[in-house]
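The values are calculated or read from the model by the stated rules, or taken from the named source; none is laboratory data. Bear in mind that the values here come from a model prediction, so they are computed numbers and not experimental data. Here Cβ is always computed from backbone atoms with ideal geometry, including for glycine, and neighbour counts include all displayed protein chains. Just so you know, the surface numbers come from the protein's heavy atoms only, side chains and all, with ligands and any DNA or RNA stripped out. Shrake-Rupley method; radii C 1.70, N 1.55, O 1.52, S 1.80 Å.
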Amino acid sequence: MSSYSIESLEQYFKVYRQSIRKPKKFWGKIAENNFTWYQKWDKVLEFDMQKAEFTWFKNAKLNITKNCIDRHLANKGDEIAIIFEPNDPKEESKSFTYNQLYAEVSKMTNVLREQGVEKGDRVCIYLPMIPELAFSILACARMGAIHSVVFGGFSANALSTRINDSDCKFLITADGGYRASKTIKLKEIADKALEKSPCVEKVFVVKRTNEEINMVEGRDLFLQPLLDEADATSIAEIMDAEDPLFILYTSGSTGTPKGMLHTTAGYMVYTAYTFKNFFNYSNGDVYWCTADIGWITGHSYILYGPLLNGATTVIFEGTPSYPTHSRFWEVIEKHQVNQFYTAPTAIRALAKEKIEFVQDYRLDSLKVIGSVGEPINEEAWHWYNDHVGNKRCPLVDTWWQTETGGIVIAAIPFVTPTKPTYASLPFPGIQPVLMDELRNEIEVNQKMGNLCIEFPWPAIARTIWGDHQRYIDTYFTTFPGKYFSGDGALRDEVGYYRITGRVDDVIIVSGHNMGTAPIEDVINEHQYVAESAIVGYPHDIKGNALYGFVVIKDAGLWRDKNNLVKEINQLIADQIGPIAKLDKIQFVNGLPKTRSGKIMRRILRKIAEGELTDFGDISTLLNPEIVEEIKENRIK
Ligand code: WTA
C-alpha cells in the first residue's frame, strides 16, 4: 500500500525514480495491492511505440465495476457514492449510497441484457448530467458493452456522425435536459440524428423533463418501467485487461472526430491512482468536479477515479451562473465539498462578477482546488487561489488529454509546491520530453518545445476506433518512438512544466477542443462560401475565441452580410453544436496562400490577434496584396 499515497516531496522523488527505472515492477505492485482481480496478469507490459501497440496487465481478468462498487459494499455500503445536484436549486438534491448504486447499476445492467445488448456492442449515451448517466455508463462496463458518451450539447449531425463511426446498435437518451434557464429537447435531436443512423436498433429513454415526445414503435422504450421490473442484483462480466471499456470522441485538426479507445485494466489502475494523489482524497470527503461526463474529465474524475476510491462524488446538472453567479459556492457550502475541480474558463467568468458572490459563502470545507482543460492564466490563478482556495488550499493545475486517460502532469497537493501557470511535475510513470522542430530533444530550460511522452503509461489510449493508422499518424509519427501530445510547453530550472497551448490546428475554446478543419468544412458547405479559414484569438473568458475568414463566391447573389453571418453560425450550430459558433466572421476576397497553395494561418492569426505589423517571413506568399485588404477590414 505504501506507494499508493504519496505524502512528501522526498517520497514523490523516490516513487518517481522507481517508476522510471522499473516501470513494470512499479505498476505491477500498484495494480496488485489496490484492486480486485478475477485473475492476475502474465506480464505487466508489452509495447511498441512505433506501432502504437500497448498491452498492460496481459491476460488479467477483472471487471471495473466490481472495483468501483462491489468491493466497497462490505465496509462502505451505507456511505454515499453519488450526490446529484440538479440544475434548479429549488429541486431537491438526491444521494445514492454504494448499496443503492449497486442496485441501480444492477437494474440497468439487467435491462440492457434483457433487451439484447451483448458484450462488445457499442452503446451510445446521450444524456444530461443526471444520475442515470452514471448508471448507464457503469451498466455498460458491468456487462462488457462499450460505452460511447456524446456530450449533450452536440447537435443531431454530430451525434449521428459519432453513432455511425462506432456503429452503435443502442442509444440511451432522455426526453430532454435542463441547462440554466433552458430546456434542451434531447429526444428530438436524437430522433433527427437517427434518421441518418440506421445502425441503431433500440433507443432507451429516460424521463427528465416529462415533456411530450415522439416514441417510435418497435424502436423506442421508456427505461423506467423496465427498471421497475428488473432484479436489483447482477453478476459482472469477466473482462480481459485489454477489453475495450469506452470510446470517447475528441476533435482533431483534420477530418472526422477521433474515437479514442480506452481499455479496462490500465485505465482503471491509472485513474484510481491519480485520483487518490491529485485530490488528496480521504475517507468521508466530498469531491466535486464540475465537468460534464460527456468529456474525459467527467469519465475519469467524476465517475471512475472517485468511485474506484470509494469516494463521494457530486454530479452537477447546472451551470456556474444559474440562477446566480454564486451557484458553485452555494453548492460547495451546501454539500461541504472538500475537493473542487473546475475549468479556467469558469473561473474567469466568475472572477468578472462582484466579489460578494463568493464572499457570501463559507468555503472552509475546501482542502484542494483543481483546474483543467486549458492553461490557467496568472490572473485567474490568483483569483482562484485567493478567493476560493483562500490561499490555504493547494491549487492543482492538471495537464492531460482525452488520449492520456488521466492526469499526467500536475502538482500533488501538500507535496509539490505550486507555481502559478505551471502544471509542475510529471506523475510517477510519466516521462515527458520537449522536442524541437528538428526532432532533437530540448535539454535547456525555458525553451518552448513540443511536448511528448517517451514511455507508455497504463491509461494511454489504445487506438482510434476503426483507424489505427490514423492513431499512429497523429500521435506517434511526428516524433518517432514518442507520443506527441499536440501541445507546446517549456520547463523551468527545477523541472516544472508550463503548458503553453496547442501547436496544431486545434483551438481550446472555453476548455473545449475545437478542430479548425471540421468547422471550416461545415462553413464551406454554405452555398455562397468558396473557402474559409478559422484561427483563434485571445478572449477574456473563453481563453480563445474563433475568428473566421470567409471567401464568398457569387458576390452578386448575396446582399445582407448580417444575415450571412447568422446563416453560417446556424449551420455550425446545426452540424456541430452551438459551442463551435464563430465569434467574428470577416468576409474577404481571398486568403493568404503560399505558392504551394497552403493557407498561411500564421498571418491570419496575427491579424485576428490585432498584431498588424510583424508578419515574419512572407516571401513564399503568393498574394501579398490580400494581406493588406484583410488587415484593413479586420473586425476589432
Ligand atoms: C488542454 C481535457 C494547459 C491541452 C483533460 C490538451 C491544458 C487539451 C490543461 C486536452 C492544463 C488540458 N494546462 N492545457 N492544465 N489541461 N489542457 O482532450 O491543450 O478535452 O491538449 O482533455 O486541453 O483536452 P481534452
Handout entry: Out of Ala291, Ala346, sole residue that is open to solvent by 10 Å² or more (accessible area, probe 1.4 Å), in a helix (DSSP H, G or I) and closer than 25 Å to Lys419 by Cα
Key = Ala346
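Answer yes if at least one residue in segment 22-33 is of a type in the set (A, V, I, L, M), closer than 30 Å to Pro480 by Cα and assigned to a helix (DSSP H, G or I), and no otherwise. Outline the logic, then answer.
Step one: list which residues in segment 22-33 are of a type in the set (A, V, I, L, M), which gives 30-31.
Still in the running and closer than 30 Å to Pro480 by Cα: 30-31.
Within this subset, residues satisfying the condition of being assigned to a helix (DSSP H, G or I) are 30-31.
Yes, the conditions are met somewhere in segment 22-33.
Is there a residue being under 18 Å from Phe414 (Cβ atoms), outside any helix (DSSP H, G or I) and within 19 Å of the chain's Cα centre (by Cα) anywhere in segment 307-315?
no
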Practice task
Scan segment 468-509 residue by residue and report those that are buried (at least 17 other Cβ atoms within 10 Å of the Cβ) and among the acidic types (Asp, Glu).
Solution key: Asp487, Asp504, Asp505
Problem - Residue list for segment 510-542, restricted to those being part of a strand (DSSP E or B), open to solvent by less than 20 Å² (accessible area, probe 1.4 Å) and within 15 Å of the ligand (Cβ to nearest atom) - result: Met514, Gly515, Gly536
Exercise for the section: Filter segment 209-256 down to the residues that are open to solvent by 60 Å² or more (accessible area, probe 1.4 Å) and hydroxyl-bearing (Ser, Thr, Tyr), then identify the one that is modelled with the lowest pLDDT. Expected result: Thr254
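In segment 1-43, what count of residues is obtained for those that are among the aliphatic types (A, V, I, L, M) and surrounded by 17 or more Cβ atoms within 10 Å (Cβ to Cβ)? Lay out the reasoning, then the answer.
Just the residues of segment 1-43 that are among the aliphatic types (A, V, I, L, M), to begin with: 1, 6, 9, 15, 20, 30-31.
If we keep only those that are surrounded by 17 or more Cβ atoms within 10 Å (Cβ to Cβ) too, we end up with 6, 15, 30-31.
So the answer is 4.
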Fill in the blank from the handout: So the helices (runs of 4 or more DSSP H) completely within segment 118-208 holding 2 or more residues that are in contact with a strand residue (DSSP E or B) (Cβ under 8 Å, 6 or more places away or on another chain), buried (at least 23 other Cβ atoms within 10 Å of the Cβ) and touching a residue at least 40 places away in the same chain (Cβ under 8 Å) are 131-143, 186-195
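How many of the residues in segment 370-388 are among the β-branched types (Val, Ile, Thr) and either open to solvent by 30 Å² or more (accessible area, probe 1.4 Å) or closer than 17 Å to Pro417 by Cβ (or both)? Spell out how you get there, then give the answer.
Quick first cut of segment 370-388, residues among the β-branched types (Val, Ile, Thr) only: 372, 376, 388.
After this cut, where a residue has to be either open to solvent by 30 Å² or more (accessible area, probe 1.4 Å) or closer than 17 Å to Pro417 by Cβ (or both) as well, the list is 376.
Number satisfying all stated conditions: 1.
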Handout entry: segment 339-371, subset under 17 Å from the mean Cα position of the chain (by Cα) and polar (S, T, N, Q), residue nearest to the ligand (Cβ to nearest atom)
Key = Ser371
Handout entry: Among residues of segment 474-509, those that are more than 9 Å from the ligand (Cβ to nearest atom), in a strand (DSSP E or B) and out of contact with any Gly (no Cβ under 9 Å at 6 or more places or on another chain), counted
Key = 3
